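Data first, discussion second: the structure below is written as structure tokens.
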Amino acid sequence: MKANKKISKKAIVRLIILGGLLLGLAIADICTPDRLFSAYENRVLASKPKFSIKTLLNGSYTEEYETYVTDQFVARDNWIFIKTVTDLALGKKEVNGVYLAKDGTLIEKHASGDIDAKTVEKRLLLLKKLTDWWENRAADVQTDKNGTLQIMLVPTADNIYTDKLPGNAPYYSQTEFIGAVSKTIDDKYVINITDTLISHKSEYIYYGTDHHWTTLGAYYGYLEWAEKMSMTPVSYNTSVVSENFFGTLHSKTNLVVKPDTIEAYKPEQNADIKVYYDFSEEYKDSLYEDKHLETKNQYGYFLDDNHSFVRIERENPSPESEGKSLFVIKDSYANCLIPFLTEHYETIYVLDLRYYKGSLFSMLETYDTEGNMDILVLYNVIHFIEEFQYY
């Protein structure tokens, strides 16, 4: 009887401590103002959803509210670290969608089960629509078209560093997807850089804490593009601009890992550049923004992070690039490759469909009145499947 009383008292004490902890967290959560953006995770956080009977009945309100509570939970960054350590202690191969590679680097997980077949089919149809438009373009403008359309879909690190993944770790075969692209549209439009990246996988071509490829990886992509376009690659000087970059994958795990290094590749002969962002007539004189190197989002150094539309003009272009223009439809993988392309064009237009909701074809026709402009679609494979959408 006394033993039961002791157990009961201990249980009550534990309940009081637990209740106090939960109450304290709840009060702290209520008193802490919502954050619009997480610099640590480099993304916009969910805001409190608006209540309505309709959203409550169809379940979207509760789903959005759960996301909101998760994003706005007090001391979120510390809880990410605790969850990561717990998951690793339990022997999990991945944490929050991130593999801990055999060399200690982080690789984003993309499993086949995460890829919706209907979405894949939709993206292939959108590409076919784009190439069909391009093939009909010469008749529309009634001129001999000499521009080109090229599509470069870059595999993510899990498809290149397969030997670094945990044993039997699943990954979506992006090689098969690129093959499906080549079958859906004419192969002449496709720049397949998979074999090139695999041949250089012993080099630093993907960041170890971020989902992007490095400037070196982008340089190899540029060389493949130049070969396909029959252009002579330009020589570059490299310089290290950061040695303490912790990217998006680090933010998902909060593990203690080696920071990444960011390099800039700049041509041996500097060119005068004007960069106009988001249809503004005010311009910057550089493709790089040093201010981002002092933030969590250091990859924003390239092309000032993401913008809906960018216009790049080169002053005093070379005879080979004079009068030539390029239109890039892209995700953020293109940001560190585009500086290479400026050596070959007088004008480059850059469109990020995630932030632009107008008509893509109207935009292309606005800047390509004679059908002579080159077009490059440049995404990583996963972003292309998840995000490629136009109107």
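A few notes on this one:
- Local electrostatic count at residue 245 - Lys and Arg +1, Asp and Glu -1, tallied over other residues with Cβ under 12 Å: -3
- Semi-axes of the equivalent ellipsoid of the stretch 279-320 are 23, 13, 9 Å, computed as sqrt(5λ) over the eigenvalues of the C-alpha gyration tensor in descending order.
- Amide H contacts of residue 241: 262, 263, 264, each under 5 Å away and 5 or more positions distant or on a separate chain (H built 1.01 Å from N in the peptide plane; Pro and chain starts excluded).
- For the stretch 111-124, 3J(HN,Hα) computed residue by residue from phi via the Karplus equation (6.51, -1.76, 1.60; θ = phi - 60°) reads 8, 4, x, 8, 9, 7, 4, 5, 5, 4, 4, 5, 5, 5 Hz, glycine and proline entered as x.
- Residue 304 accessible area, assembled protein chains, probe 1.4 Å, Å²: 20
- Cα shape, the stretch 302-391, gyration tensor, a/c 1.5 rule: oblate
- With a 1.4 Å probe rolled over the protein heavy atoms of all chains, the accessible area of 253, 67, 347 falls in the order 67, 347, 253, largest first.
- Pair-distance profile P(r), taking every C-alpha pair of the stretch 165-265, with 5 angstrom steps and integer %: 2, 10, 15, 19, 20, 15, 11, 6, 2, 0
- Computed from backbone phi with θ = phi - 60° and the Karplus coefficients 6.51, -1.76 and 1.60, the 3J(HN,Hα) list for the stretch 307-317 is 9, 5, 8, 9, 10, 10, 10, 9, 7, 6, x Hz; x is used for glycine and proline.
- Stretching the chain fully between residue 372 and residue 120 yields a gain of 87.7 nm (0.36 nm per residue, less the alpha carbon separation).
- Probe 1.4 Å, all protein chains present, accessible-area order of 313, 294, largest first: 294, 313
- Computed accessible area, residue 272, all protein chains, 1.4 angstrom probe, square angstrom: 100
- For the set 256, 181, the ranking by accessible area, highest first and with no ligand, DNA or RNA atoms included, is 256, 181 under a 1.4 Å probe.
- The solvent-accessible area of residue 285, taken with every protein chain present and a 1.4 Å probe, is close to 120 Å².
- Amide H contacts under 5 Å for residue 190, placed H, 5+ residues apart: 151
- Measuring against 24 Å, Cα to Cα, the residue pairs 266/357; 54/109; 48/92; 128/274; 122/201; 128/330 contain 266/357; 54/109; 48/92; 128/274; 122/201 as the ones spanning a longer distance.
- Karplus-derived 3J(HN,Hα), 6.51/-1.76/1.60, for each residue of the stretch 95-108, Hz, glycine and proline x: 10, 6, x, 10, 7, 8, 5, 5, 9, x, 7, 10, 10, 5
The values are calculated or read from the model by the stated rules, or taken from the named source; none is laboratory data. Not measured: the values here are computed from a predicted model. Quick reminder, even Gly has a Cβ in these numbers, built from the backbone with ideal geometry, and neighbours come from all protein chains shown. Surface accessibility is based on the protein's heavy atoms, side chains included, excluding ligands, DNA and RNA. Shrake-Rupley method; radii C 1.70, N 1.55, O 1.52, S 1.80 Å.
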